[in-house]
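Here is the structure we will look at, set down as structure tokens.
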Amino acid sequence: ENTLVDPVSANSELGVPGENAIERKDAMVQGLINQLRNSGMSLDDYLNYNNMTKEDFDKYALNDAIEMLKGQAVLLMIAEAEKITVKASEVEAQIESMAMQYQMDVNALKSSIGPNGMNMVREDILCKRALDILVDSAVEV
């Protein structure tokens, strides 16, 4: 999947607004913190285990968020071109799944991620569907 999207996003001239990158980075970090908490670890434990400083981690996470957003922009353009849609009930089902994964109350998760997070979930579903189209139509060389 990455071999299909990465070259396109790397060669694109798509810019990623700084606030979007920071917002995505923060969401990714919060997701990691939730996963670590469920495993009985903290972010500090994770950083120590990986021999990283908080500053190194923040740089890495921001770069990862930027690359993810570039790939997502490409996939969202494909979703638009293919007229892919996502129903509110599908977003709700994904939120419920995430709440179970994080062992959180659904309403608490919704409150935690806010409207921007809900939109990210919708966009993630769109991107997954666009990626499925790419994978299904890919030709191995």
Of the residues in the stretch 26-46 that are of a type in the set (Gly, Ala, Ser) and within 19 Å of the chain's Cα centre (by Cα), the one that is most open to solvent (accessible area, probe 1.4 Å) is 27
Subset of the stretch 94-115, residues exposed (fewer than 13 other Cβ atoms within 10 Å of the Cβ) and either closer than 23 Å to residue 19 by Cα or among the small types (Gly, Ala, Ser) (or both), comes to 97, 108, 111, 114, 115
Selection from the stretch 47-65 of residues open to solvent by less than 80 Å² (accessible area, probe 1.4 Å) and either part of a helix (DSSP H, G or I) or not aliphatic (A, V, I, L, M) (or both) yields 47, 50, 53, 56, 57, 58, 61, 62, 64, 65
When every residue in the stretch 1-21 that is surrounded by 15 or more Cβ atoms within 10 Å (Cβ to Cβ) and part of a helix (DSSP H, G or I) is compared, the one modelled with the highest pLDDT is 21
Of the conditions (1) part of a helix (DSSP H, G or I); (2) closer than 25 Å to residue 126 by Cβ; (3) at pLDDT 95 or above; (4) among the aliphatic types (A, V, I, L, M), the single one that residue 86 does not satisfy is (1)
Pairing a residue in the stretch 72-94 that is within 21 Å of residue 24 (Cβ to Cβ) with any residue that is of a type in the set (Gly, Ala, Ser) and not in a loop (DSSP other than H, G, I, E, B), where Cβ atoms lie under 8 Å and the two sit 6 or more apart in sequence or on different chains, gives 73/9; 74/9; 75/130; 76/130; 78/130; 79/130; 84/130
What do you reckon, is residue 68 open to solvent by 70 Å² or more (accessible area, probe 1.4 Å) and at pLDDT 90 or above?
no
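The values are calculated or read from the model by the stated rules, or taken from the named source; none is laboratory data. These numbers were taken from a predicted model, which means no experiment stands behind them. Please note: Cβ atoms are built from the backbone with ideal geometry, for glycine as well, and neighbour counts cover all protein chains shown. Keep in mind that these areas ignore ligands, DNA and RNA; they rest on the heavy atoms of the full protein, side chains included. Shrake-Rupley method; radii C 1.70, N 1.55, O 1.52, S 1.80 Å.
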